[in-house]
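These notes are about the structure you will find just below.
The values are calculated or read from the model by the stated rules, or taken from the named source; none is laboratory data. Bear in mind that the values here come from a model prediction, so they are computed numbers and not experimental data. Please note: Cβ atoms are built from the backbone with ideal geometry, for glycine as well, and neighbour counts cover all protein chains shown.
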Amino acid sequence: MSTRAVIATQTYDRGILATYLHFDGYPEHVLPILVDGYLDPDEAIELIEGGELRSLSPRPAEPEYFENSRRTEELKDESELDRLARYLNAEHIYFYDDMWRHRKV
């Protein structure tokens, strides 16, 4: 069974970019990878703009994206993340503004 998650970041124009993570979305796995490997806002944006993630591994490994993924979600603000997470059956949300934060859906 997969633990689904949404990974999102605030953009420079104060919008939100978000994508889906299918496998191993639990905090003990994802949070250390994000905190250790995606501290720069540009790196977080690049990760999310890559599309839907099948899995996420610690760097220097590359994230595994779905071959045919939905495009990255562009949201108006952080409040829309819960709606997106429910739609995707995600259990966790990871959000980067000045640091990575986690919350359970």
query: Does region 21-39 contain any residue that is surrounded by fewer than 16 Cβ atoms within 10 Å (Cβ to Cβ), acidic (Asp, Glu) and without any contact (Cβ under 8 Å) to a residue 12 or more places away in the chain?
result: yes
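One residue is enough: does region 43-57 have a residue meeting the conditions surrounded by 11 or more Cβ atoms within 10 Å (Cβ to Cβ), farther than 19 Å from VAL105 by Cβ and basic (Lys, Arg)?
Keep residues of region 43-57 that are surrounded by 11 or more Cβ atoms within 10 Å (Cβ to Cβ), which gives 43-57.
Next cut, farther than 19 Å from VAL105 by Cβ only: 43-47, 49-51, 54-55, 57.
Remaining after also requiring basic (Lys, Arg): 54.
For region 43-57, residues surrounded by 11 or more Cβ atoms within 10 Å (Cβ to Cβ), farther than 19 Å from VAL105 by Cβ and basic (Lys, Arg): present.
Among the strands (runs of 3 or more DSSP E) contained in region 37-101, which hold 1 or more residues that are among the charged types (D, E, K, R)?
Values: elements: 53-55, 73-75, 92-96.
Where strands (runs of 3 or more DSSP E) fall fully within region 37-101 and carry at least 1 residues being among the charged types (D, E, K, R), they are 53-55, 73-75.
Answer yes if at least one residue in region 8-17 is in contact with a helix residue (DSSP H, G or I) (Cβ under 8 Å, 6 or more places away or on another chain), of a type in the set (Phe, Trp, Tyr), modelled with pLDDT under 95 and part of a loop (DSSP other than H, G, I, E, B), and no otherwise. Give the steps one after another, and end with the answer.
Taking region 8-17 as the starting set, the residues that turn out to be in contact with a helix residue (DSSP H, G or I) (Cβ under 8 Å, 6 or more places away or on another chain) are 8-12, 16-17.
Still in the list and also of a type in the set (Phe, Trp, Tyr): 12.
Among the residues that remain, those that are also modelled with pLDDT under 95 are: 12.
Still in the running and part of a loop (DSSP other than H, G, I, E, B): 12.
Checked region 8-17: at least one residue is in contact with a helix residue (DSSP H, G or I) (Cβ under 8 Å, 6 or more places away or on another chain), of a type in the set (Phe, Trp, Tyr), modelled with pLDDT under 95 and part of a loop (DSSP other than H, G, I, E, B).
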- prompt: Taking ILE33, is it touching a Lys or Arg at 6+ places or on another chain (Cβ under 8 Å) and either at pLDDT 95 or above or in a helix (DSSP H, G or I) (or both)?
  reply: yes
field: So GLU64, is it touching a Lys or Arg at 6+ places or on another chain (Cβ under 6 Å) and among the charged types (D, E, K, R)
entry: yes
